[in-house]
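The values are calculated or read from the model by the stated rules, or taken from the named source; none is laboratory data. Model, not experiment: these values are computed from the prediction. Note: ideal-geometry Cβ built from the backbone for every residue, glycine included; neighbour counts use all protein chains shown. Ligands, DNA and RNA are stripped out before the accessible areas are found, and what is left, the full protein with its side chains, is counted by its heavy atoms. Shrake-Rupley method; radii C 1.70, N 1.55, O 1.52, S 1.80 Å.
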Amino acid sequence: MRHDLPSQRLPRHRGVTLVAGQEEAALQHVADTLARPDSHRLAPGPDVHDAVDEVHRAVLDLARSGEPVDVAVQLRPGTPTRSTALLLGSLLDHDLGRPDGASLLQHVACVVSADDLADLVLRGTDDRFAAAEHVVELVEHATLVVLTDVGAVTEREHRLLAALLGVLAPTATVLPITSLTAGCLPTPGRASALSGSAGWMRALSDDAPDVVEGDPVSTVVYRDERPFHPERLAVALEQTFTPGPAGTVLRSRGFTQFATRADRVGSWSSVGQMLSLDPTSRPSWHPESPHGQQITFFGLDLDAGLVRRALDECLLTDAELLADPASWRDLVDPFPTWDDATGRPGHGHAH
């Protein structure tokens, strides 16, 4: 139900800022710095729906009372930030839509350790995928990235991280925590565009080039309508996508389809040397589902031709494609199984 409020109150709204990250003390510092003296402060629990409900109710109460909506929300470490931001933004826009079309959710600030990010993405760590994906997704869906522990990384790592953050979150402002000030957030914010702001999403858009050569981080987009033969893909991942002739993949993200699981769109996500292949809720036959392979690669010294040739060899051949699709289920598939009943995967595949 929409909660209409007197329009004369709306120009006084300054908006909502979410602050998310890894470590409580750093989150507290950033939230304290970004909040104005008269801002309202909230620190909801880690459950997405409970957190959204608490913030939503608080904002409605402020708007009804005639007070300016100026709220700084400190999310608990580990809270799924993107889903929280998207759900909250949608509810606020529905209930408190502004005449100028601006969203009340102005900013999502993420606070991450530069040292931890370097360890997970640059230094070859291969046993912390959940942590790695959480940190990278924090960055990808932020309007402001605040880096802690900058002094713990080398000069080379600092340069690589700066370039990587530029492609992961191309619309975000990136600052070390020592440079953070109360006035560093632009107004209006850009949180309303977070649903498509991640670098990998922008790279997959129709008008983006498939290859962007960068110094030092390049972008390669791979697209093909055919499904992968999973056994050949597993070999290619071990032989081609470890650091070597094709370059060093730092981050890849997108959608995939396996011949052995042709009814389901898969989610492809890698950070450093760790790759996870999970099911999505999308059936492959739906007209709005992504078809085949749509994957963005960010990395160092990427050889676009070699990346594409290696993945092309993993696709079904003409003969395999023209065979009975029921026979595809008999192909060798070394990846963890997906639970068809729940849509949940087994353990992710790390390499």
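Can you give me the angle between helix 81-95 and the longest principal axis of the chain, using Cα atoms only, in degrees from 0 to 90, rounded to the nearest 10?
So the helix axis and the longest Cα principal axis differ by about 50 degrees.
If you roll a 1.4 Å probe over the chain with all protein chains in place, what percent of the accessible area is carbon or sulfur?
50 percent
Using a 7 Å offset from the Cα along the Cα-to-Cβ direction at both GLU231 and THR337, what is the distance between the two label points in nm, to one decimal?
1.9 nm
List residues of segment 175-199, by number, whose backbone nitrogen lies under 19 Å from a label position 7 Å along Cα→C-beta of SER90.
191-198
Round to the nearest 10 and give me the degree value, 0 to 90, for the angle of helix 155-168's Cα axis relative to the longest principal axis of the chain.
Orientation of helix 155-168: about 90 degrees from the principal axis.
Treating only the Cβ atoms of Lys and Arg (+1) and Asp and Glu (-1) as charged, compute the dipole magnitude of segment 125-266 about its Cα centre; round to the nearest 20 debye.
Values: 12 positive and 18 negative charges, 44 e Å.
The dipole of segment 125-266 has a size of about 220 debye.
Select from VAL71, PRO243, LEU316 the residue farthest towards the positive end of the dipole of the chain; place +1 on Cβ of Lys and Arg, -1 on Cβ of Asp and Glu, and compute about the Cα centre.
Towards the positive end, the residue furthest out is VAL71.
Placing +1 at every Lys and Arg Cβ and -1 at every Asp and Glu Cβ, with all other atoms neutral, what dipole size does the chain have around its Cα centre, in debye to the nearest 20?
Details: 29 positive and 49 negative charges, 199 e Å.
So the dipole magnitude of the chain works out to roughly 960 debye.
Each label point is 7 Å from the Cα along the Cα-to-Cβ direction; what then is the distance between the points at SER83 and ASP32, in nm?
3.2 nm
Can you work out the accessible area per residue across the chain, with the rest of the protein chains kept in place, probe 1.4 Å, in square angstrom?
45 Å²
Of all DSSP beta bridges in the chain, what percent run antiparallel (nearest 5)?
Numbers: 34 of 58 bridges.
Close to 60 percent.
Applying a 10 Å radius around every beta-carbon, put 241-250, 201-210, 224-233 in order of their mean neighbour count, most first.
224-233, 241-250, 201-210
Helix 24-34 versus the longest principal axis of the chain: what is the Cα-based angle in degrees, 0 to 90, to the nearest 10?
50 degrees
Once you put a point 7 Å from the Cα of ASP47 and another 7 Å from the Cα of SER205, both along the Cβ direction, what distance in nm separates them?
3.7 nm
Out of LEU117, LEU275, THR33, whose Cα points farthest toward the positive end of the dipole of the chain (charges: +1 Lys, Arg; -1 Asp, Glu; placed on Cβ)?
It is THR33.
Between LEU306 and SER179, take the C-beta separation as r, use R0 = 56 Å, and let me know the FRET efficiency to the nearest 0.05.
The calculated FRET efficiency here is 0.90.
Please give the charge dipole size of segment 246-329, origin at the Cα centre, charges +1 on K and R Cβ atoms and -1 on D and E Cβ atoms. Round to the nearest 20 debye.
Numbers: 8 positive and 10 negative charges, 63 e Å.
It works out to roughly 300 debye.
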